[in-house]
Amino acid sequence: MFPFLIVVLFPLSWKISDSTQPAEEFLHCLSLRFHNSSSISELVYTQHNSSYSSVLKSSAQNFRLSTPSTPTPLVIITPLHASHIQATVHCCKKHGLQLRIRSGGHDFEGLSYTTTYEIPFVVIDLLNLRSVRINVEKGTAWVESGAKVGELYYEIAKRSRTLAFPAGIGHTVGVGGHLSGGGFGLLFRKDGLAADNVIDARLIDVKERILDRKSMGEDLFWAIRGGGGGSFGIVLAWKLKLVAVPAIVTVFTVSKTLEQNATKLVHRWQYIAHKLPKEIHMSIGISRVKSNENEKMTIQASFGAVFLGSIYELLPLMEEKFPQLGIVKEDCFEMGWAESNIYSTQFPIGVPLETLLNRNRKSILSKLFFKAKSDYVKQPIPEITFEGLWTKFYKEEAKSAIMVFVAYGGKMDEILETETPFPHRAGNLYSISYVVDWEEEENKNSEKFMSWIRRIHNYMTPYVSKSPREVYVNFRDLDIGTNEINDKENSHEQAKIWGIKYFKNNFDRLVHVKTMIGPENFFRHEQSVPPLPCLLKKGANSNSLGSL
């Protein structure tokens, strides 16, 4: 069997180093451990396999990280069941290969399918592990990590119009990565994050064991619900607590330009949005557009909302709390909760619910060349600061740039920041995401776009969170720091530079969990949580977890 597999799966010359020997050894190891060895040729792709490129690119959402110079995996594994993952973990450990795990491919820096290290690595792509099982009576769901958020929403909506799950709006986002980073969406002011509503999980650890919440223990269960993907193991599936929603929700999007008083409205929004009832999700999208007058360029602020209730409940609320925006009945549309997620990703009203199942259709931040950053705002930003910000959007490289403000408050003020690793709770008025994208033919000059967004980020420094300047881990940003691959002694100090920005004081607990369950640091990448060498030298053991 083994010689045949080498002919089918190999020869291979890897672009970073001469990896022929590691690849042969790795494939031989897999052939011995796959229960059904005949299936290996259908589940394992090397660079000389005719389907390799299409499989690699199928979930590569940021095209900035899919260029010819981007490091690519030695092998891609597309497992059908847990034993294939266990075999891959075993063989990667045995032959010293790094492992990356991809669910939806939306990691903003591509760390689920590429690397900045010059080392051979293997990707486990969970695209075949995406079952969704809904229990309407119990209000729960078991979802495999390879499922897309849209597939989860679709299965819920098919069975109930009054159940939902508080995850994000991007229907092509993978459940596994989304939950691993916390996961916020249209319902987070009412029901918390996606990770706040995880009640069990099945995880393969570094010892290749399959653990549930009881067997993994509460500390590891805490860590995987917001501690970032790729640090603690591979979550096969998640048990979710579904939440109640009304059968009808109301949405609106109202856009105002500078000539229509946009700056004052944005400034006023800061004082209102986080105090609104938790049933309403409010956001603002800022971008450059052509005005109707003489095709002159201007700045547009698009005020959007999703309200858990009818138009006739929403209108008096907006008239009382934010009359300056001038919302009227004609601005509003009623629909189901699942449809509101489609609407929020800028699809036309009335597209079928099956849109949620389209894994390849382009949506927000998918199939683009882009760079993104994030911030949190704790005090209202002065109006003059916004005026200075708008001028930067007139630069040529900002033609497709956007900033999105998302109001916090509600349930997020009630959950302690230590409840899960995601710490960005009470005290935040809103979050900011910054995105700049460009066309393929402009990618040779990508640095000018990257420089623009870094200048914007620098301009905002005095007006956002400080000590640390907080960042959302699901909006991955390698600009804030990375781990050195082989610097074990200083790994904790290097990681703390970026770690406290993602996790604040929760970073220390994450490090302790990693030290107890994975001191050899097998599950690692450029921004993975490291173990603590000095703690290990003092004789720490797994029993120490109880005191964290």
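The values are calculated or read from the model by the stated rules, or taken from the named source; none is laboratory data. Note that the structure is predicted; figures quoted are calculated from it, not measured. Glycine also receives a Cβ, built like all others from the backbone with ideal geometry; neighbour counts cover every protein chain displayed. The accessibility values were calculated without ligands, DNA or RNA, using every heavy atom of the protein model including side chains. Shrake-Rupley method; radii C 1.70, N 1.55, O 1.52, S 1.80 Å.
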Using only the alpha carbons, work out the radius of gyration and Dmax of region 132-244 in angstrom. 13.2, 42
Please give the peptides 220-232, 238-250, 46-58 ranked by average Cβ packing (other Cβ atoms within 10 Å per residue), highest first, as a rough proxy for protection. 220-232, 238-250, 46-58
Simple Cβ-charge dipole of region 328-393, Lys/Arg +1 and Asp/Glu -1, about Cα centre, in debye nearest 20: 560
So between residue 215 and residue 418, what do we pick up on full extension, going 0.36 nm a residue minus the alpha carbon distance? 70.9 nm
Region 23-125: antiparallel bridges as % of DSSP beta bridges, rounded to 5, reads 25
What number comes out for accessible area per residue over region 23-125 if the probe is 1.4 Å? Units Å², please. 34
Stretchable slack from residue 391 to residue 142, in nm (0.36 nm times residue separation minus alpha-carbon distance): 84.9 nm
Relative contact order for region 132-244, counting Cα pairs under 8 Å that sit 6 or more residues apart, in percent: 31
Region 363-447: GluC sites (Glu not before Pro) falling in loop per DSSP and having at most 14 other Cβ within 10 Å: 414, 439
Express the carbon and sulfur contribution to the solvent-accessible surface of the chain as a percent, rounded to the nearest whole number, probe 1.4 angstrom. 51
Difference of contour (0.36 nm per residue) and Cα-Cα distance, residue 493 to residue 261: 78.8 nm
Normalising by the residue count of the chain, find the relative contact order in percent from Cα pairs under 8 Å and 6+ residues apart. 14
Note down the net charge around residue 272, summing +1 for each Lys or Arg and -1 for each Asp or Glu among other residues with Cβ under 13 Å from its Cβ. +2
Label-point separation in nm, residue 520 to residue 290, each point 7 Å along Cα→Cβ: 6.1
Any idea how far apart residue 319 and residue 81 come out in nm if each label point goes 7 Å out from Cα toward Cβ? 6.1
How do 391, 298 rank by accessible surface area computed with a 1.4 Å probe, from largest to smallest? 391, 298
What percentages, rounded to whole numbers, describe P(r) for region 23-125 computed over all alpha carbon pairs with 10 Å bin width beginning at zero? 15, 52, 29, 4
Helix-only CD estimate at 222 nm, as mean residue ellipticity for the chain, using -39500 (n - 2.57) per DSSP H run (n ≥ 4): -8500 deg cm²/dmol
With the contact rule set at Cα under 8 Å and sequence spacing of 6 or more, what percent relative contact order holds for region 23-125? 33
Among 458-465, 99-106, 188-195, 256-263, what's the highest-first ranking by average C-beta atoms within 10 angstrom per residue? 99-106, 188-195, 256-263, 458-465
Tally the DSSP beta bridges in the chain and give the antiparallel ones as a percent, rounded to 5. 90
Sparse-neighbour loop sites [GluC sites (Glu not before Pro); region 126-207; at most 10 other C-beta within 10 Å; DSSP]: 137
Between residue 271 and residue 440, how many nm apart are label points set 7 Å from Cα along the C-beta direction? 5.0
Semi-axes a, b, c in Å (a largest) for the chain, each sqrt of 5 times a Cα gyration tensor eigenvalue, come to 39, 25, 24
